[in-house]
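Quick note: the coordinates plus some simple rules give every number you see, no bench work behind them. Since the structure is predicted, the reported quantities are computational estimates derived from the model, not experimental observations. Cβ coordinates were reconstructed from backbone atoms using ideal geometry, including for glycine residues, and neighbour counts include every protein chain displayed.
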Ligand SMILES: Cc1cc2nc3c(=O)[nH]c(=O)nc-3n(C[C@H](O)[C@H](O)[C@H](O)COP(=O)(O)OP(=O)(O)OC[C@H]3O[C@@H](n4cnc5c(N)ncnc54)[C@H](O)[C@@H]3O)c2cc1C
Ligand SMILES: Nc1ncnc2c1ncn2[C@@H]1O[C@H](COP(=O)(O)O)[C@@H](O)[C@H]1O
């Protein structure tokens, strides 16, 4: 019996979160199949075949899968489910959108956002914004699971040699029409993968002031993140939100600037290796989890920090 | 267009939940309970549809113990026309909630169901997608903008890379993200009026839905806590620490 991982990709590249899901899959079974459902996505399948731990790549290449609409992809996954013990996908927005639809069609429960595998039917996952970790056992014979990418090391992307099998595509059910994607363009590292993240909150005060963070991020090769308050206020786009209902990140270094540290924000960043907080309120909860804190006005500290990084290049 | 909105009663988002003494469950006996924040947004969206004349009737539903009628009443005070409580003391999983909702939808022929994207207690983010699957309907999840135009709905969704816009013909399911709207405050006279609105109670048995569980929570525990660190006096000291002590830059 085998695990089926559903890949997250954009028809040209495999999303790095998929590599974490593959690692989770290898902890469950020796044999891991990887499904690439997309359109004109053979390059993704070729890259996927090289990922260590993948035994077989299933390629479903058809126009109906171009935007990976759940309405079209779910029946495909259901058809391929037979012969697999687990269906895994990273807990990205695509994974969250697709997998519950798959689970319901199969009449099984879903275990969302796992952070550890105890056995083939027992998993750990955060609940209540990460205040509590639940250990959950599934009675279903087939387990549908989404995987928190920050909790598993990425599988090694080179050196594998899996076979690529074409699988027959189902047609477009025409339940749902894709209209457009509005992708936020950025030259920075991907927030979910970056080694350093500089995040701003309501304390930044305006979209213009985020340029102060940009300057710091430039010097550190960092991604930019934000609190919900900063996104709601329109300082930055929604895909930068870190937290319970945004992205979960775990970089080597997370710098929280003008962020108070609400539990919903901490839920998305408290697994970072080193946390720095810059806040003018010495009682801000963020300081309780920060390794290094500076109490002061961010408008003084950010320029000083950028200047200091310039000065002290060893 | 008839609209159904699912509202869950959850521990208020300001409460820091902890495991109980023996780690078998969470300790929430005396915690403040509220409507799931995403469901408030779902209710607000439905009420606006009613006010705009695109919805003919807007109905709020909650599933769970008797006390869940509190959040239905709140939804009625926000402007929903009537309420339904599917009453049971059993623990409900998202799949079961979806099955019960599907039974209600079939009974009453709703055109649109709006749910929150995620319940902030179990953080599952499943129910809306499961409901859409069970009904064979399209789904517009994590919605930040919804436009109803006759029998078509256009949904803009928040994604990992920005946003995506989809459209589908009704019936369908929408789940709300935080930026869909800002829910109104409930005014006192409306709370009084809500008491007179109709609230139907029904059981899973009457809906002929199997509510047996697929999952078992065998333990709950606190996550590993971070030990608080130190305060540094200025940017210079911070850079020095990051470079020479933490070695992360
Ligand atoms: C259902 C739900 C889900 C949520 N999900 C998320 C989520 O995913 N992510 C998230 O982040 N939040 C989320 N929230 C919101 C969360 O509860 C907080 O409201 C939010 O994180 C606060 O953002 P903030 O820290 O930027 O703003 P505030 O709490 O207003 O904090 C601003 C901070 O900036 C400091 N400050 C101001 N000016 C300066 C200055 N000049 N120099 C230095 N410091 C300054 C202040 O001292 C303050 O501590 C959610 C809430 C709900 C109800
Ligand atoms: N017991 C319930 N009663 C009412 N609505 C619910 C219930 N459980 C889930 N929902 C709805 O489903 C959404 C997603 O919940 P979940 O899948 O548990 O994260 C919630 O925001 C509610 O709209």
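Points to keep in mind about this one:
- Dimensions of the stretch A:56-114 from C-alpha coordinates, computed as largest minus smallest value along each principal axis and given longest first, are 30, 26, 21 Å.
- Global form of the stretch B:40-192, assessed from the alpha-carbon gyration tensor, a/c cut-off 1.5: rounded
- Residue of B:217, B:156, B:175 that the Gaussian network model of chain B assigns the largest fluctuation, springs spanning Cα pairs under 10 Å: B:217
- Rough spin-label spacing in nm, given labels placed 7 Å along Cα→Cβ, for residue A:1 and residue B:65: 3.6
- P(r) tail, the stretch B:102-238: Cα-Cα pairs separated by more than 23 Å, 58% of all pairs.
- Computed Kirkwood radius, in angstrom, where 1/r is averaged over Cα pairs of the stretch B:139-208: 15.0
- Helix A:93-106 axis, angle to chain A major axis (alpha carbon atoms, nearest 10°): 30
- Förster radius 41 Å - calculated FRET efficiency between residue B:196 and residue A:188, Cβ distance, rounded to 0.05: 0.15
- Highest-fluctuation residue, A:72, A:131, A:33 considered, GNM on chain A with Cα pairs under 10 Å: A:131
- Beta bridges by DSSP in the stretch A:1-120, antiparallel share as percent, to the nearest 5: 5
- Within the stretch B:1-85, the ratio Rg/Rh, alpha carbon atoms throughout and Rh by Kirkwood, equals 1.09.
- Each principal axis of the Cα cloud of the stretch A:88-200 was evaluated for its coordinate range; sorted largest first, these ranges are 45, 42, 35 Å.
- With the biggest extent put first, the Cα atoms of chain A measure 60, 41, 39 Å across the principal axes.
- Rg followed by Dmax, in Å, when the protein assembly as shown is reduced to its Cα trace: 23.5, 73
- Dimensionless Rg ratio for the stretch A:169-314, taking C-alpha atoms and the 2.2 N^0.38 Å reference: 1.15
- For the stretch A:3-150: rounded, prolate or oblate by the Cα gyration tensor [a/c cutoff 1.5]: prolate
- Contact order normalised by residue count of chain B, Cα under 8 Å, 6+ apart, percent: 23
- For the pair residue B:29 and residue B:108, a Förster radius of 51 Å applied to the C-beta separation gives a FRET efficiency near 0.90, rounded to the nearest 0.05.
- 10 Å-binned pair-distance histogram of the stretch B:68-130 (Cα, whole percent): 18, 50, 31
- Springs between Cα atoms under 10 Å define the GNM used for chain B, and in it the highest mean-square fluctuation of B:52, B:75, B:102 occurs at B:52.
- Spin-label pair residue A:168/residue A:137, simplified geometry with 7 Å Cα→Cβ offset, distance in nm: 4.0
- The mean number of partner chain beta-carbon atoms within 10 angstrom of a residue's beta-carbon across peptide B:117-124 is 6.
- Relative contact order for the stretch A:28-117, counting Cα pairs under 8 Å that sit 6 or more residues apart, in percent: 24
- Bridges between two residues of the protein assembly as shown, per DSSP, are antiparallel at a rate of about 35%.
- For the stretch A:1-80, the fraction of alpha-carbon pairs in successive 5 Å shells from zero, as %: 3, 17, 29, 25, 18, 7, 1
- Calculated P(r) tail over 16 Å for the stretch A:232-289, as whole % of Cα pairs: 42
- The angle between the Cα long axis of helix A:16-28 and the main principal axis of chain A comes to about 60°, on a 0 to 90 degree scale.
- Length-normalised contact order for the stretch A:180-314 - Cα pairs under 8 Å, 6+ apart - percent: 22
- Taking the empirical scaling 2.2 N^0.38 Å for compact globular proteins as reference, the stretch B:157-245 has a Cα radius of gyration ratio of 2.12.
- Between the helical axis of A:70-81 and the longest alpha-carbon principal axis of chain A there is an angle of about 50 degrees.
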